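Just so it is clear, none of the values below were taken in a lab; they were calculated from the coordinates. Predicted, not measured: the structure shown is a model, and the values here were computed from it. Glycine gets a Cβ as well: all are built from the backbone with ideal geometry, and neighbour counts include every protein chain shown.
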Amino acid sequence: MVQERAFIEVPRPELQPEKLSQWETFGQSLASVAPTATPAMVIPLVLAACGKTSWLAYLLATVGVACITFQINLFARNTSSPGSLYSFVHGTLGKWPSLITGWALLIAYAGTAAAVTGGVTSYAYSLFVPNAQPPLVIAAIITAFAIGISAALAYRDVQISARLMLWIEASSVLLILVLILWPGHPGALRLDWSQLLLRGVSLSGLRNGLVLAIFSFVGFESAATLGAEATLPQKTIPRAIRLTAFASGLFFIFATYAENIGFGDRASTLQDAGAPLQLLAQLRGLPFLSPVLAVGAGMSFFACALACITAGARTLFTMSRDGYVPSIFGRAHASNHTPHSAVVFTSAVALTTSLASVGFHIAPFDIYGWVGTVATYGFISVYLAVTVAGLVCSFRERVLTPLSLTVSAGALLVLGLAAWSSIDLSALPPYRWLPHVYLALLVFGILFSWVTDTGRKRDSMAECHDDCSCAKN
């Protein structure tokens, strides 16, 4: 006698399609780059590294990022998925390269969310005590607050998050432009031939500055994680990625040129400054801008944390749907239509990392540097994988042209230089250990996915066996 089983199909909640406009999609990528964070923390380090040639480092970095953008948009124009670059590589290179890409993305996004809490803490505390390190308890409270609010917004509504990120970044950039363009004070914007003629150029300094400049752009591709939620994703997402890369590049070049004038002889010591933007406001005779700039910079770092949690959760969501992480992370909220379980997990990883750093009495700027470096290794790995996937895809489809080959070579050159210059095993601790930390995390993630995928296949085979047995009876 055949036993019949009755199954009731219950629709599984999904992410909400066509929810985000072009500008909201752009806000996601812009916030991941956190353009205010670069003048606030990265440009001062570039100035200290290569002085008058700093603007050239950002110009070269912009060209390199444009090459990477071309590779990413080869896929973004033809397909869309919340898995972002992981899905692009998965469809072209297969399982194992995509697992490396997926876990590298997760490390990159969660690591960046943790790293930027150092910026939030530093600038928030500078409102009350300039040029001082916050006590452990205050740093922990600010960190937990920043990640907690980010998690709540990402859990609740992606549209609210995208709009908030766009407004925060636009307002913060406007504040920096006011500081730079304010006339009639010391350090005012002017034609500076010592920069334009590249006096005192040093190739080693330019190389180090170029690496830092490239790191300023990481996360510019995160709009691709909104493939299931953007309106007309195959148009809006490539535009958002392209606009983020070029607009950020122009802003960074201009801000670097202006900050070099504003800081003057102090440029070589900026790596020791607690809040460089506030120092620049003091040097320019505009002390009333200091607290406003601190608020703007802190909010920009917060928006970056929100954007990275949003992007990381959607990558985890897609990997779960593909069976490479537990199925709980592939669930969408029934009413919010967000990957709520993945949001909670990504936020928890970022919070644990940042609080552990605070607990070990690591200074906010060091949290930004150390954790951010590990995250950057993830981004470099992902961009390399996508560039190779783009070459393979173009070759298979017989659309590989001399132009696309040149652009691919440019992307590989820039990424190779960034990887080579950033991995220095002779550096002082902890920087010499960070490549090993990244590789350990990556290997652990891949092994975890292998075990998860093996268990899923075993369960599927058992279910099939049971169904066949019931049919025979």
Region 182-207, subset part of a loop (DSSP other than H, G, I, E, B) and among the small types (Gly, Ala, Ser), residue surrounded by the most Cβ atoms within 10 Å (Cβ to Cβ): Gly187
Please indicate, with yes or no, whether at least one residue in region 321-343 is out of contact with any His (no Cβ under 8 Å at 6 or more places or on another chain), β-branched (Val, Ile, Thr), under 20 Å from Val218 (Cβ atoms) and buried (at least 24 other Cβ atoms within 10 Å of the Cβ). no
Those residues that are among the polar types (S, T, N, Q), surrounded by fewer than 24 Cβ atoms within 10 Å (Cβ to Cβ) and part of a helix (DSSP H, G or I), I need them from region 21-49; list them, please. Gln22
Does region 390-436 hold any residues that are farther than 29 Å from Val371 by Cβ, of a type in the set (Ser, Thr, Tyr) and either in a helix (DSSP H, G or I) or within 21 Å of the chain's Cα centre (by Cα) (or both), and which are they? Ser394, Ser404, Thr406, Ser408
Looking at region 286-340, which of its residues are among the polar types (S, T, N, Q), within 23 Å of the chain's Cα centre (by Cα) and in a helix (DSSP H, G or I)? Ser300, Thr310, Thr315, Thr318, Ser320
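Does Thr315 satisfy the criteria of being in contact with a Lys or Arg (Cβ under 7 Å, 6 or more places away or on another chain), over 28 Å from Val129 (Cβ atoms) and among the polar types (S, T, N, Q)?
Numbers: in contact with a Lys or Arg (Cβ under 7 Å, 6 or more places away or on another chain): no; over 28 Å from Val129 (Cβ atoms): yes; among the polar types (S, T, N, Q): yes.
Against the criterion (in contact with a Lys or Arg (Cβ under 7 Å, 6 or more places away or on another chain), over 28 Å from Val129 (Cβ atoms) and among the polar types (S, T, N, Q)), Thr315 does not qualify.
Scan region 54-63 for residues that are buried (at least 24 other Cβ atoms within 10 Å of the Cβ) and touching a Gly at 6+ places or on another chain (Cβ under 8 Å) and report the count. Don't jump to the end; show me each part of the working.
Within region 54-63, the first condition is being buried (at least 24 other Cβ atoms within 10 Å of the Cβ), and the residues that meet it are 54-55, 57-58, 61.
In the following step, the residues that additionally are touching a Gly at 6+ places or on another chain (Cβ under 8 Å) were identified as 54, 57-58, 61.
Total satisfying the criteria: 4.
Could you check, for region 345-356, whether at least one of its residues is over 24 Å from the mean Cα position of the chain (by Cα) and either buried (at least 21 other Cβ atoms within 10 Å of the Cβ) or part of a helix (DSSP H, G or I) (or both)?
Here is the first cut: in region 345-356, the ones over 24 Å from the mean Cα position of the chain (by Cα) are none.
Scanning region 345-356, I find no residue that is over 24 Å from the mean Cα position of the chain (by Cα) and either buried (at least 21 other Cβ atoms within 10 Å of the Cβ) or part of a helix (DSSP H, G or I) (or both), so the answer is no.
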Output the qualifying pairs, or none if there are none: Cβ atoms under 8 angstrom, residues six or more apart or on different chains, first residue in region 160-185 and farther than 10 Å from Gly296 by Cβ, second residue among the acidic types (Asp, Glu) and in a helix (DSSP H, G or I). Ala162/Glu24; Arg163/Glu24; Leu166/Glu24; Ile180/Glu259
Among what's in region 404-417 and is under 23 Å from Ile107 (Cβ atoms) and in contact (Cβ under 8 Å) with a residue 40 or more places away in the chain, pick the residue that is surrounded by the fewest Cβ atoms within 10 Å (Cβ to Cβ). Leu417
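Would you call Val120 in contact (Cβ under 8 Å) with a residue 12 or more places away in the chain and within 19 Å of Leu279 (Cβ to Cβ)?
Values: in contact (Cβ under 8 Å) with a residue 12 or more places away in the chain: yes; within 19 Å of Leu279 (Cβ to Cβ): yes.
For Val120, the condition - in contact (Cβ under 8 Å) with a residue 12 or more places away in the chain and within 19 Å of Leu279 (Cβ to Cβ) - is met.
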With criteria (1) surrounded by fewer than 20 Cβ atoms within 10 Å (Cβ to Cβ); (2) touching a helix residue (DSSP H, G or I) at 6+ places or on another chain (Cβ under 8 Å), Val137 comes up short on (2)
Give just the number: which of (1) closer than 30 Å to Leu20 by Cα; (2) surrounded by 21 or more Cβ atoms within 10 Å (Cβ to Cβ) does Pro364 not satisfy? (1)
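Would you point out the residue of region 223-259, among those that are among the small types (Gly, Ala, Ser) and outside any helix (DSSP H, G or I), that is surrounded by the fewest Cβ atoms within 10 Å (Cβ to Cβ)?
So the first thing to find is which residues in region 223-259 are among the small types (Gly, Ala, Ser), and the list is 223-224, 227-228, 230, 240, 245, 247-249, 255, 258.
Still in the list and also outside any helix (DSSP H, G or I): 227-228, 230.
On the way: Gly227: 25, Ala228: 23, Ala230: 28.
The residue in question is Ala228.
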Run Trp420 past the list (1) among the aromatic types (Phe, Trp, Tyr); (2) within 22 Å of Ala66 (Cβ to Cβ); (3) buried (at least 17 other Cβ atoms within 10 Å of the Cβ) and report the number of the one that doesn't hold. (3)
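Kindly evaluate Thr112 against the criterion of being among the β-branched types (Val, Ile, Thr), touching a Leu at 6+ places or on another chain (Cβ under 8 Å) and in contact (Cβ under 8 Å) with a residue 24 or more places away in the chain. Steps first, answer last, please.
Details: among the β-branched types (Val, Ile, Thr): yes; touching a Leu at 6+ places or on another chain (Cβ under 8 Å): no; in contact (Cβ under 8 Å) with a residue 24 or more places away in the chain: yes.
No; evaluated as a whole, the condition is false for this residue.
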Of everything in region 224-255, what is within 13 Å of Gln28 (Cα to Cα) and touching a Lys or Arg at 6+ places or on another chain (Cβ under 9 Å)? Give them in sequence order. Thr225, Leu226, Gly227, Glu229, Ala230, Ile237, Pro238
Looking at Leu179 and the list (1) surrounded by fewer than 20 Cβ atoms within 10 Å (Cβ to Cβ); (2) over 18 Å from Pro82 (Cβ atoms), which single condition is not satisfied? (1)
